[in-house]
Structures are given as C-alpha cells and as structure tokens.
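Have a look at the structure below, then the notes.
All of the numbers you see were taken from the coordinates with simple rules; none came from a lab. Values in this document were obtained by computation on a predicted structure and should not be read as measured data. Backbone-built Cβ (ideal geometry, glycine too); neighbour counts: all protein chains shown.
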Ligand code: DGJ
C-alpha cells in the first residue's frame, strides 16, 4: 500500500473513532467509545474534577473471567463534557513482583481519587484483595501521585480503624464471641466495596462495606488522607449494604447502596442523614420504573455519585456498573440523573439523555 493511502486510511479511522464518541449524549448500558473508539475500561469507577476537567478512574478489566482480577491496573480517562472521554492510560499499574500486594492477579476494585488540599497530591484508595486469597484480606489500598493522571505510587494497604470503636458502639459490639467488630478491633475493620467523599469543610471520608459485608461503615480520614482517623460510624447494623455512592444535597447526605449478590444485580437502597457520621435513615429503593427494573436496578450496581453545580442548581448523576462476570471487559455503565420525589432521590431509566435534559428536571431537592 502506498504511503499516502496509508495516511489517508489512518486519518479516516481516527475520524470514525471520533465520530463514534458520545457527542454529548449519555446512552445507559450501551458500548461507550473513548477517543480511540474503544469501549471505556473503567469499571467500579469514580470521578475527580480538577481544573475544569473530569477524570474517570476505574478498574481496567480484560476479557473472560480472569478479567475480574487485576491484570493491568486502574485506568484513567479525561473529559470536559462527561460524555466524550480521552484515554489517559493506566494510572496505577499492577506489578510482576510476587512480594507486592498489587501483583498481577490480585484484586483491585472500586478505585476512587481525591486531591489532598494541603499537600496538593492526588490520593487513590481502592479495595484490595491479595492474590490467591479470594476476598479474605478485605483491605484498603492507597496510592499517591503528583499528577492527576498518575503514575500513582502504591503506598501500602491496611484494614481501617484499627483499635477504634464506632461512635454508635453498644456493649454487645464489644463481645468478640458474637461481634465481627470486636473480632477485628485490634487489627482493623474489614474493608471491601468502598468509595471516598470530600465534604464541603474539606474533611474526607471512606465508606466501606465491613463486618463480613454485613455493615457499611463511614470513616473519617486523617488530614493526610492516607489513613483512617479512627472516627467512624455505621450506616445500618446488619443492613447488608455494599456498593456505596454518596452525595450531599441541601445540607443532607444521601447514600445509595446495593444488597449482597456478588456480580448479580439486586435492588438498590437509599439512606439520608443530617450528619455524615449518622444516624442514617432508610429511604427505600431509589429506582422508579417497572417491578423488574426495581428488583435489579436496571441490571446495575451503584459505584459513584457525581455532583454538578449547573445554573444555580445542584445536580447529581448516579453511576452504576452492569457487570459481565463471564467477560469482564464487556461490563457496561449506566449513568442516570438523580430526580427528587417527596424529598427522596430517585432515578428512572432513560435510553439516552443529555445534560440539557437534566437541566430541565425540577430543581427541587430539599434545601434548594
Ligand atoms: C459485588 C461488589 O460490589 C463488586 O465490587 C465485587 O466485589 C463483586 N461483588 C465480587 O463478587
């Protein structure tokens, strides 16, 4: 093939990839091409806004069931409009060092990144499971970078809140014969599905599924945002909550979670609190739609809630993953605008929508 023809074909291919981008339209559950035309690979993800650009961090999955374990690391994409994403590469890479916690084939799930306001560093937390140990380790991993897209340098892993009792502790909680909390008191609490949240006052929190996945903890981070401060509370004891997605609206905190059915979808739940450290009150299933949609949350599981301030109104987008257990790389994303119904945040299915559509929704959350 002549050189000029090759250049022409390459340019045509790039143009097709660009045209395949979402162009301002969210299409829940559909393939979501990046700037190279490749389906976005950032599962269990979260978003950080920095200098007017959104960064989407998530689990890079590969084909097949092995893709549910970390074969590559944490992928990062950037966007200004939230629908068209540029591949920024691997933010945190797995290693081939068998002595490392993040050796290939370990489990790295639900990475979330925040910026430490004091140090200016970007701090990534994720759910870490050690290679070959199934989901037994239940640890939080932390990595740090000077640049938002990385490379992130792994700092270590731990179980949060070692040696601390929750603010809502009861005498029964302190009995190691019956309480997971007491059993794990010295070594730290089990930490599986997780997210991070930075409050308006700059304080950062980790929400993590703990106590053998039975109870969600909300835990304040130390000022360095590299570890827990030892101050935490529980959302609902034995609530069987995982997949936390939290946001703040009108001075209240809202939390969406799922139940515990592995990779299979189940009914979402929601909670509200005046104080992030509780008490939390159940608001029921936030999904509006058919009984089937409510039963399986549109086939998805919550991972993050993105808050946007638009035209004087605070808006939120609920981000869900549709897992494909047998072919992890084919997992899909369902992003839906949060609506308000009698003071409760709710989501409805939309085949497609735009931010302009979201702007037309009533801006009537409590406190607005
Ligand atoms: C459900 C969790 O939400 C996922 O992040 C993952 O840990 C799967 N369970 C594993 O079965």
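In this label model, residue 290 and residue 62 are separated by 3.8 nm, measuring between points 7 Å along each Cα→Cβ vector. Calculated on C-alpha atoms, the gyration radius of segment 275-318 divided by its Kirkwood radius gives an Rg/Rh of 1.06.
Please label the shape of segment 116-272 as rounded, prolate or oblate, based on the square roots a ≥ b ≥ c of the eigenvalues of the alpha-carbon gyration tensor (a/c under 1.5 means rounded; beyond that, a/b larger than b/c means prolate, else oblate). Rounded, because the longest to shortest axis ratio a/c is under 1.5.
Within the listed set 285, 213, 81, the residue fluctuating most in the Gaussian network model of the chain (springs between alpha-carbon atoms under 10 angstrom) is 81.
Can you grab the distance from the C-alpha centre of segment 330-353 to the C-alpha centre of segment 44-58, Å, no decimals? Computed from Cα coordinates, the inter-centre distance equals 19 Å. Ranked by the mean number of other Cβ atoms within 10 Å per residue, highest first, peptides 229-240, 21-32 order as 229-240, 21-32. Against the chain, whose longest principal axis comes from its Cα atoms, helix 3-19 is set at around 40 degrees.
Helical content of the chain, expressed as a calculated mean residue ellipticity at 222 nm, amounts to -2500 deg cm²/dmol (DSSP H runs of 4 or more residues, -39,500 (n - 2.57) each, divided by residue number, nearest 500).
Modelled spin labels at residue 177 and residue 282, positioned 7 Å past Cα toward Cβ, are 2.9 nm from each other. Expressed as a whole percent, the proportion of Cα-Cα pairs in segment 60-167 lying more than 19 Å apart is 48%. Eigenvalues of the alpha-carbon gyration tensor of the chain, scaled by 5 and square-rooted, set the equivalent ellipsoid semi-axes at 32, 26, 19 angstrom, largest first. Stretching residue 263 away from residue 23 to a fully extended chain increases their span by 83.4 nm, per 0.36 nm per residue minus the current alpha-carbon distance. Mind giving me the FRET efficiency for residue 119 and residue 162? R0 is 25 Å, r the Cβ-Cβ distance, nearest 0.05 is fine. After rounding, the FRET efficiency stands at 0.60. Under 8 Å for C-alpha pairs, at least 6 residues apart: give me the relative contact order for segment 259-368, rounded to a whole percent. Relative contact order here is 20 percent. Note on residue 86 and residue 351: with the Förster distance fixed at 35 Å, the Cβ-Cβ geometry gives a FRET efficiency of about 0.90.
Fewest first, what order do 354, 290, 303, 119 take by the number of other Cβ atoms within 10 Å?
Fewest-to-most ranking of 354, 290, 303, 119: 290, 119, 354, 303.
Taken over the C-alpha atoms, segment 184-285 has Rg and Dmax values of 13.0, 37 angstrom. Note on residue 170 and residue 96: their simple-model spin labels are 5.3 nm apart, each label 7 Å out from Cα toward Cβ. Which stretch or stretches of segment 59-84 have amide N atoms under 20 Å from the point lying 7 Å from residue 105's Cα along the Cα→Cβ direction? Inside the label zone: 60-74.
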